[in-house]
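The values are calculated or read from the model by the stated rules, or taken from the named source; none is laboratory data. Everything numeric in this text was worked out from a predicted model, so none of it was measured. Heads up, the Cβs are rebuilt from the backbone with ideal geometry, glycines too, and the neighbour counts pull from every protein chain shown. Surface accessibility is based on the protein's heavy atoms, side chains included, excluding ligands, DNA and RNA. Shrake-Rupley method; radii C 1.70, N 1.55, O 1.52, S 1.80 Å.
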Amino acid sequence: MADALISVLLEQLASLTYELIKGQVTLVLDVEKDVAEFINNLRAIQAVLEDAEKRQVKEAVVRDWLDKLKDVSYKMDNVVDEWNTEILKQQVEKQENEGENALVNKRKVRFSIPSPCKCFGFGQVSRVIVNRAIALKIKELNSRLTSIAEERTRYHFQSTTTSGIEQPERPKSSSLVDVSNIFGREDEKETLISMLLGKSSGKEGRGPLVIPIIGMGGIGKTTLAQLAYNNEHVKAHFQKRKWVCVSDPFDGIKIAKTIIDKNDTPTSDELEDFMQSVSKSVGGKRFLLVLDDMWTEDDTKWEPLRLALMSGAEGSRILVTTRNESVARMMGATTQIIHLEKLNDQHCFSLFYHLAFLNREKDKSDLFEVIGKEIVEKCKGSPLAAKTLGSLMWNKKTTKEWCDVLESEIWDLEEVEKKIFHLLLLSYYDLGSEIKRCLIFCACFPQDYEFDKNTLIEMWMSQNYLNSKKNKERRTIGQNYFDNLVTRSFFQDFKLDVKGNIETCKMHDIVHEFVKFLARNESLIIEADGANRSTELSIDKVCHLSLVSVETVEGRISVPISFHKCTNLRTLTTYNSEITTMGGDLVLQLKCLRTLNLSDSEVDELPKEIGELLHLRYIDLSHNNSLEELPDAMCNLFNLETLHIEYCESLTKLPKAMGKLINLKHLYVAECDELKYLPKGIGRIRGLRILDRYTVVCGGGGDDDDNEILRLGDLAIFDQLQGKIVIRDLGEVIDASEAQKAQLEKKKHLLDLVLDFGGGEEERRRKSDVEVLNALQPHQNLEYLGISDYEGTTVSPKWLMSLHHLRFLTLMSCMNCECLPPLGRLQSLEVLRIEGMRVEKVGIEFLGIEETQTSPVTAFPKLEKLSFLTVGWKEWEGVRGCMEEDCQVAIMPHLSDLHIESASLKQLPDFLQNRPHLNLTWSRRDWLIFELNKWIASLISSPEVASEQRNMQSRDRAGGKCF
């Protein structure tokens, strides 16, 4: 972690040196020399950090040395930030001066008194004083770092350029397994054996099928592979079986030696000869190769062995165990993947009980069983933890010894540290230094906390963990880091959004405990309950502090905050708190703060002192229903990048000077219903990336109001918007030219767009809504489009068919629409939802095909899910002859889910008949109407067979279900 911190700091200091060379502060002390010495010391220390960070786990003196190094580095990071903030202030002052001059030229001025500050150059004097203070801090920190650099020689660290740095030993495995020590995993075993013995689907391509078992360290991947490998049916099925413990580094020749028959071992050490021997050894044989504990993601190392194994017979399998999903993808795994999850409580206790009570008398077992169940809760479903603690407790003979283990932190137990800690360290060391500190930051979340992916990335950003490389967006870098941790099984319990992307996730409790252990000197979680209402903190080393209110019988407990020496905080987060205010004195003690999260609290006011937290980059005030306004002083936070105020239902306005927040990238204002407009000044923030809601305002309370309100056309300013935006109250727009000014077609990074046509006069809107919708043409990169409360008679804007990447479309409450647009022509559409429309008949125009189609065409080629929640829908027209073999029309070939509600359909169209895999769901009312119409039709057409048809219809409704 220190390595990543120092790498970032070196980049920042290099930038600072460039500014110094330009002569901006060379007259203030000898700061240029101090910066150069500081850089040299950092580089010397950086060379030994890899060894130091590995030794700190067991050596307290090394840990203390690293703590001092990080303390100096954090302080220098703050000093550089102060310098950069001074530059930002100058930029803001320049913008304000330009704005004032423009305003003077525009308006009639009564009188003007010159500012004494400008007359006498006070601003320049002030800057010299600030620069002198910065220079003094650099000088003092340089002196401290020099001492730390000299101190490193005591510990005889090995340089990264020196070979021989001790690597953690990786456990070895064999195919042998003691079945009596295994509990659970029956379902997973049956699934795996089925994959091994089953026929290939043909989708995997040529060569043996790769089946990966993926999961965190100690979850039981190797054990599951052993169970399948030794299964009698598996033994009989394969002509050749081989087990290889791969570990790291990947050695292709070593693996080859295991596979090759003894008589075919080559005499040379050339890779080519070994691969040829592998090909000969498996040639024409159905083989099973287990590659246990695979780590490498380098396809150049795997490729020679993969090619050699392609000579095996059809039905050959390669079973891989790995912690990293990227390894599985590199090896060519597709759908046949087993993600191994934690054991259930019953199996976890059975495993623990089997080892802890081995050969113990029954009455003694009963005595310890209650305590044992509580101890097993520490395992959190980890088989390795259950085995480790079970073996540990076998030697404990008294209830006091058992209670001591129960009351201990899991990492305080020597056996746990040796086994579980070691396994997780392997995964940790496999991460890059930048990703390591992103992982360790997660120690500030409470246990079992469900955190939002995007929020986590924004928090990493606020801590300056995501360095921009080659002009790459920092959010993209954060997404890559997050994906890296996901593939290595550090996160679990994923919830996906409509696009199938991870939205939220959790950490396994043991991983969380491990991360807390690594961050024990920097992160702290304080829980407040009835027993510690008067919690006071005086912790000078803590960088990341979380305050958690615990639910009690009396209700939530408010966490009282009192800080004495906790002045190095970079993160302050509250969870479930009832904090109503933050005093100005408290805020002034948090001068190093970069991340402040007061979401879901009862905050009704922020002190003006918050404007003095110049390092602050992230503020979350969401779900504070009592907050009515933000202090003007917040506009002095020139480094602020993220502001969450969504779901602040009482918030009525934002400060007029919001334009001073020139670094703001993410502004979340969704569901702030009392916030009627955004101030005009926000238009100066041209680097804004996220703006989740934009309320349209037409008309105002006079010229002054008009000048302070952001209009629809002002959206053109934000050409870097990305993600999702909801544009509300479009019904207020009278002139379509105002919508044209928004220039949505130029926002190529905006992927999700919701157009809400609420507001305005209904009669006028029938025409204006059509014109406005046509004017709001988005970029063709758009993936999600929602249109709601639209009053036009047709919802078919001229640009709709140009959205070649559109995957999701929602049309909601478009009550005047008489027919549906030709949506079948949208080639990428996967999910379509139509709700609250009065369309009585859906014809073939919906499919986007001609009535007499002569050339081959596919309507809705990628559509998977279709929902109709309409009023008065009676007929869904089919296509004549589409059931015939020579039909030129294919319709919804991939449709798997059809949902119908609030309709009066008589029958489904012919192209949806006899689809056994279609999941058809109805509301109960609609199903009854549908069945009744079919029954009446059968009576009219064929009375003599009506009884039989009714029986058949009740059993077969095209796979349909009602609810």
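Annotations for the structure displayed:
- Close amide H pairs (under 5 Å, H built 1.01 Å from N) link residue 919 with 897, 898, residues at least 5 positions away or on another chain.
- Centre separation in Å (Cα based) which lies between region 41-58 and region 902-919: 67
- Think of a 1.4 Å ball rolled over the protein heavy atoms: region 219-376 then has 47 Å² of accessible area per residue.
- Point-to-point label distance, residue 503-residue 626, nm (Cα→Cβ direction, 7 Å offset): 3.0
- Placing a pseudo-label 7 Å from each Cα along the Cα-to-Cβ vector at residue 408 and residue 132 gives an inter-label distance of 5.8 nm.
- R0 of 51 Å, Cβ-Cβ distance residue 298-residue 346: FRET efficiency to nearest 0.05: 0.80
- At R0 = 30 Å, FRET efficiency that the Cβ-Cβ distance of residue 197 and residue 172 yields, to 0.05: 0.60
- Ordering of 390-398, 232-240, 217-225 by burial proxy (mean other Cβ atoms within 10 Å per residue, highest first): 217-225, 390-398, 232-240
- Region 344-354 - phi-based ³J(HN,Hα) in whole Hz, Karplus 6.51/-1.76/1.60, Gly and Pro as x: 6, 4, 5, 5, 5, 5, 4, 5, 4, 4, 4
- When Rg and Dmax are taken over the Cα atoms of region 616-662, they come to 10.5, 28 Å.
- Efficiency of FRET between residue 397 and residue 334 - r from beta-carbon atoms, R0 45 angstrom, step 0.05: 0.30
- Measuring against 22 Å, Cα to Cα, the residue pairs 172/436; 199/257; 541/608; 189/221; 453/680; 89/741 contain 172/436; 199/257; 541/608; 453/680; 89/741 as the ones spanning a longer distance.
- Long-range HN-HN contacts of residue 902 with modeled amide H, under 5 Å: 923, 926
- Extension gain (nm, one decimal) between residue 359 and residue 612, 0.36 nm per residue minus Cα-Cα: 84.4 nm
- Sorting the Cα pairs of region 756-860 by distance into bins of 10 Å, from 0 upward, gives 14, 46, 32, 7, 1 percent per bin.
- Estimated distance in nm for a label pair at residue 146 and residue 520, the labels positioned 7 Å out from Cα along Cα-to-Cβ: 3.5
- Sorted from longest to shortest, the spans of the Cα atoms of region 785-827 along the three principal axes equal 27, 15, 15 Å.
- For region 267-343, Kirkwood radius (reciprocal of mean inverse C-alpha pair distance, Å): 13.8
- In region 720-771, Rg over Rh equals 1.01, where Rg is the alpha-carbon radius of gyration and Rh the Kirkwood radius from pairwise Cα distances.
- In this structure, the amide hydrogen of residue 336, modeled 1.01 Å from its nitrogen in the peptide plane, lies closer than 5 angstrom to no residue at least 5 positions away or on a different chain.
- Each residue of region 605-613 was assigned a 3J(HN,Hα) from its phi angle through the Karplus expression (A = 6.51, B = -1.76, C = 1.60, θ = phi - 60°), giving 7, 10, x, 5, 5, 4, x, 8, 7 Hz with x at Gly and Pro.
- Here the 3J(HN,Hα) profile of region 376-381, calculated from phi with Karplus coefficients 6.51, -1.76 and 1.60 at θ = phi - 60°, is 5, 4, 5, 6, 6, x Hz, Gly and Pro shown as x.
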